[in-house]
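Student: Pasting in a structure now, in structure tokens, and then I'll have a few things to ask.
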Amino acid sequence: MDRVIFLQELRKLDLQGKDAKRLYNEISSLAMKYIQASEKPKRCAHYLSIEFLIGRVFYNNLLELGVLKEVSEILKEKGVNIALFEEIEDAALGNGGLGRLAACYMDSGAAVGIPLYGYGIRYKYGLFRQTFEDGFQKELPDDWQRFGDPWSIRKEEEKQIIRFADMEVEAVPYDMPVIGKRVNVLRLYQAEGNKDAGKISGVLYPPDDTEEGKLLRIRQEYFLSASAIGDVIREYEKRRGNDYRYFAEENSIQLNDTHPVFAIPELIRVLKEKGLTYHSALKIAKQVFNYTNHTILPEALEHWDVRLLKKILPEISEILLSINTSARYYHRKDGYTPQESVATSIYIHSRRAFSMANTAVFIANKINGVAAIHSEIIKRELFVAEYAHHPEKFENVTNGVAQRRWLELANPELSALLDKQIGHDWREHFQELDKLNAYTANEDTISEFIQVKGKKKEQLLCYIEKAEGIRIDGNRILYAQVKRLHEYKRQLMTAFALLRLYYDLKEGKFRDFTPSVFLFGAKSAPSYFRAKGIIKYINEIIKLINADSETNDKLMGVFVTEYNVSYAEKIVAAADVSLQVSTAGLEASGTGNMKFMMNGAVTLGTMDGANIEIVEKAGEENNYIFGARVEEIEELRKGGYDPPCHLNKHPEWNKVVRTLIDGTFSDEGAGYFRELYDSLTIGASWHKPDHYFIFRDLEEYYRAILRVNADYQNKTYFAAKQLKNTANSYSFSSDRSIKEYAQKIWRIN
Ligand SMILES: *Cc1c(COP(=O)(O)O)cnc(C)c1O
């Protein structure tokens with residue numbers, strides 16, 4: 001990009017009387033004129049993902065272009081505060097961790113100069129916008145394009161036709177440049193062409209509890225997969241014509257979870273159409289595809305009914321059956337036992353459905369988990385047979401986050417401190433952060449860090465006052481649990497701990513209690529009954545606590561609405577304590593934990609996901625680890641876990657948990673609280689009581705919170721721990737993750 005010319009042009013731009021939206025579009029469009037995608041080298045990697053949780057692109061793109069500061073100054077001269085663009089909606093074309101990871105990976109691919117091309121869906125509506133009414137979550141449509149979409153270019157001439165048995169739709173690409181050492185492209189497809197097409201790129205994860213809903217999901221997944229495959233083939237043919245011998249040598253395709261797994265039968269279908277035999281097409285597929293697993297939760301492992309597939313994608317269904325036959329053939333040849341054959345089967349007889357994970361596992365050249373422990377668990381529990389026969393296919397790539405967004409952009413104050421201590425290179429070479437370890441005992445550095453934290457906290461609390469209407473004073477420990485609402489993430493356990501703190505405070509049980517605030521942020525899937533109940537319950541607890549003038553100088557809570565990437569940027573910079581308390585074994589990695597760590601929050605959490613690697617790097621003594629380890633949870637799951645017994649040992653907890661049913665709080669007859677109580681004490685048809693082992697860990701969790709509370713009394717001592725976390729977060733850059741993918745999986749560079 002020619003920065004000088006862009007800045008000259010910007011200086012000439014007339015800003016008079018234009019509102020935020022107009023300015024946003026004009027400045028962005030001007031920048032776009034000077035951005036040019038890099039040449040594609042011979043071998044490229046393609047990243048297929050049903051979600052890209054991009055967040056706000058304006059600041060990030062200007063930052064990557066290296067003009068953010070200059071633009072800010074030019075605007076200031078013209079009387080415009082660059083913060084004005086905070087009005088512009090985030091592009092929330094994703095749900096949570098998986099989608100944000102995809103966005104960080106795109107960012108890092110460009111930053112480190114790897115040819116990485118993203119493929120996704122340009123949803124008309126992103127993840128719903130959240131509000132609370134009387135503490136209940138309400139969902140509003142997220143019309144993110146109402147501000148325009150100046151950072152994308154519609155590529156009319158590169159549209160394709162995607163065919164279903166009962167309809168044809170056009171897939172029109174919108175290209176977003178991803179700026180760094182290279183300029184890569186994130187290509188998002190919009191479905192057009194007839195009145196039903198719009199639905200396919202309508203919303204992210206439409207409800208799939210009806211047959212119609214399931215069909216729509218299949219259509220979305222196939223739409224993404226077929227568009228991407230069509231594009232990769234077309235690019236290839238431009239260079240090589242109809243000679244497909246080099247296809248695998250020149251292309252690597254990463255399947256981000258199972259949603260894009262239809263890309264496998266689709267590639268085979270297309271290659272057959274081009275004249276290849278099924279077997280040579282299969283061989284190519286086996287070299288090209290790689291699969292990232294993101295979860296071991298059984299409800300998230302996709303299966304598609306053969307009946308539904310036959311209805312709208314008969315050819316794809318046939319090819320999946322052929323792959324099933326091939327898998328059985330290879331498995332027999334490789335000596336899989338009959339049980340192993342059943343476990344790895346692509347077609348599952350008992351369900352009359354295809355297992356998308358097994359399809360991916362059979363075809364993938366490499367399969368990876370997203371943190372060390374998770375990669376071990378998938379070998380030990382999920383893909384046991386495949387690992388026994390093909391250990392060479394398994395890799396680990398621990399997740400990472402882009403330090404440019406999550407540190408440089410989110411926390412300019414801490415960035416300035418880093419620049420002063422260790423120089424500027426950490427933006428590009430995050431390992432440089434290690435140098436900060438030389439200063440973590442330095443009193444001046446610690447004291448500057450305390451100032452930075454205080455300032456970020458003040459900014460956040462000021463924003464919260466504006467956005468949520470709750471005033472919280474800054475002299476408090478800020479504990480934060482922000483992430484999607486899910487039972488396994490155990491926000492409910494934090495709620496119990498918070499309520500217990502309140503009761504103990506009321507009873508005068510603490511001599512010295514450092515004032516604290518608990519911050520929650522989370523969206524629940526609209527149809528997830530329990531998650532919605534947990535939101536309501538937390539809001540009820542917060543209402544009680546905040547209104548109590550006897551204790552609210554010591555303890556408060558806030559549940560921020562509309563938690564998204566931009567909110568996350570503010571929260572991770574300000575928090576003192578990062579709550580990462582999932583049931584051991586269930587959080588594949590987490591990436592929120594890394595964002596907090598970089599910004600100098602200590603982790604208060606379980607030995608799960610990347611928390612393990614975080615404390616390994618930063619030291620257990622600088623973090624607060626509690627609760628059952630994976631091995632213990634596995635034992636408890638086998639039998640002998642008796643939640644009511646745990647509860648009865650502690651009358652204090654009994655009192656807390658019973659507030660779900662004893663009338664302390666009301667869910668206004670919705671039945672949420674009773675159902676939550678039953679899920680913990682009786683269980684349900686599909687699970688034993690306290691499925692996520694809250695009662696096992698609750699007391700230990702509480703003790704850990706109190707340890708933080710006591711340690712924080714010595715601010716310098718506590719800040720030194722926090723600084724140690726920043727200094728040792730150097731492994732958690734997504735630049736490192738992407739380089740590992742490039743070496744171990746894509747074999748690029
Ligand atoms: C990072 C991030 C997540 C993932 O958080 P986890 O704690 O790893 O689950 C979810 N949502 C948003 C908006 C994020 O920025």
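Coordinate-derived values only; no laboratory data. All figures in this text were calculated on a predicted structure; none of them were measured in a lab. All Cβ positions, glycine included, derive from the backbone under ideal geometry; neighbour counts span all protein chains shown.
Student: Can you pick out the pairs among LYS506/LYS724; LYS40/LYS69; LYS455/LYS595 whose Cα atoms lie more than 27 Å from each other?
Tutor: Listed pairs above 27 Å: LYS506/LYS724; LYS40/LYS69.
Student: Run the paramagnetic zone check for ALA388: 7 angstrom along Cα to Cβ, then residues of the stretch 325-341 with backbone nitrogen under 13 Å.
Tutor: The answer is 332, 334-341, whose backbone nitrogens lie closer than 13 Å to the label point.
Student: Per 5 Å bin, what percent of the C-alpha pairs of the stretch 397-450 does each bin hold, from zero upward?
Tutor: 4, 18, 29, 26, 15, 6, 2, 0
Student: Next question, about the same structure. Compute, for the stretch 197-248, the length of the dipole vector about the Cα centre, with Cβ point charges of +1 (Lys, Arg) and -1 (Asp, Glu) only. Units Debye, rounded to 20.
Tutor: Taking the Cα centre of the stretch 197-248 as origin, the dipole is about 340 debye.
Student: Same structure again: Checking the cross-link filter: which aspartates and glutamates have an alpha carbon closer than 15 Å to that of LYS181, excluding same-chain neighbours under 8 positions apart?
Tutor: ASP2, GLU39, GLU64, ASP107, ASP425, GLU428, ASP735
Student: Give the long-range amide H neighbours of ASP142: residues separated by 5 or more places, or on another chain, with amide H under 5 Å away, using H modelled in the peptide plane at 1.01 Å from N.
Tutor: GLY126, ARG129
Student: Quickly rank 294-303, 736-745 as a protection proxy: mean count of other C-beta atoms within 10 Å, highest first.
Tutor: 736-745, 294-303
Student: Would you kindly calculate the mean projected area, averaged across all directions, of the convex hull enclosing the Cα atoms of the stretch 618-749, in square nanometres?
Tutor: Average projection, Cα convex hull of the stretch 618-749: 13.4 nm².
Student: Something else about it: By DSSP, what percent of the beta bridges with both residues in the chain are antiparallel, rounded to the nearest 5?
Tutor: 40 percent
Student: As a footprinting exposure proxy, order ARG404, ARG217 by other Cβ within 10 Å, with the fewest listed first.
Tutor: The most exposed by this proxy come first: ARG217, ARG404.
Student: Could I ask something else about it? Give the order of ASP305, ASP425 when sorted by the count of other beta carbons within 10 angstrom, beginning with the fewest.
Tutor: ASP425, ASP305
Student: Calculate the radius of gyration of the Cα atoms of the chain to one decimal place, then report Dmax, the largest Cα-Cα distance, as a whole number, both in Å.
Tutor: Gyration radius and largest Cα-Cα distance of the chain: 25.9, 80 Å.
Student: Determine, for each peptide in 618-626, 516-524, the mean count of other beta carbons within 10 angstrom over its residues, then list the peptides with the highest first.
Tutor: Output ranking for 618-626, 516-524: 516-524, 618-626.
Student: Given labels modelled 7 Å from the Cα in the Cβ direction, how far is it in nm from GLU675 to LYS744?
Tutor: Inter-label distance under the simple model: 4.0 nm.
Student: Scan around THR603 for amide H atoms under 5 Å from its own, H built in the peptide plane at 1.01 Å from N, and keep only partners 5 or more places away or cross-chain.
Tutor: Answer set, sorted by chain and number: SER578, TYR624.
Student: Please give the FRET efficiency for LYS435 paired with GLN713, using the beta carbon to beta carbon distance and R0 = 25 Å, rounded to the nearest 0.05.
Tutor: Computed FRET efficiency for LYS435 and GLN713: 0.25.
Student: If you don't mind, another one. Extending each Cα 7 Å along its Cβ direction at LYS283 and ASP473, get the distance between those two points in nm, one decimal.
Tutor: The answer from the label model is 7.5 nm.
Student: Can I ask one more? Counting other C-beta atoms within 10 Å, which of TYR528, TYR117 has the fewest, and how do the rest follow?
Tutor: In order of increasing Cβ crowding within 10 Å: TYR528, TYR117.
Student: Another question, if that's okay. What whole number of Å gives the distance from the Cα centroid of the stretch 128-166 to the Cα centroid of the stretch 188-233?
Tutor: Here the answer is 12 Å between Cα centres.
Student: For the chain, what is the calculated [θ] at 222 nm in deg cm²/dmol (nearest 500), taking -39500 (n - 2.57) for each run of four or more DSSP H residues and dividing by its residue count?
Tutor: -14000 deg cm²/dmol
Student: Out of residues 5 or more away from ILE54 or on other chains, whose amide H comes under 5 Å of its own, with H placed 1.01 Å from N in the peptide plane?
Tutor: LEU93
Student: Fully extended, how many nm does the chain gain between GLU632 and GLN8 (0.36 nm per residue separation, minus their Cα-Cα distance)?
Tutor: Taking GLU632 through GLN8 to full extension adds about 218.3 nm, to one decimal.
Student: With the dipole of the stretch 636-679 worked out from charges on the C-beta (+1 for Lys and Arg, -1 for Asp and Glu) around the Cα centre, which of SER679, TRP653, GLY640 lies farthest toward the positive end?
Tutor: Checking the options against the dipole of the stretch 636-679, the answer is GLY640.
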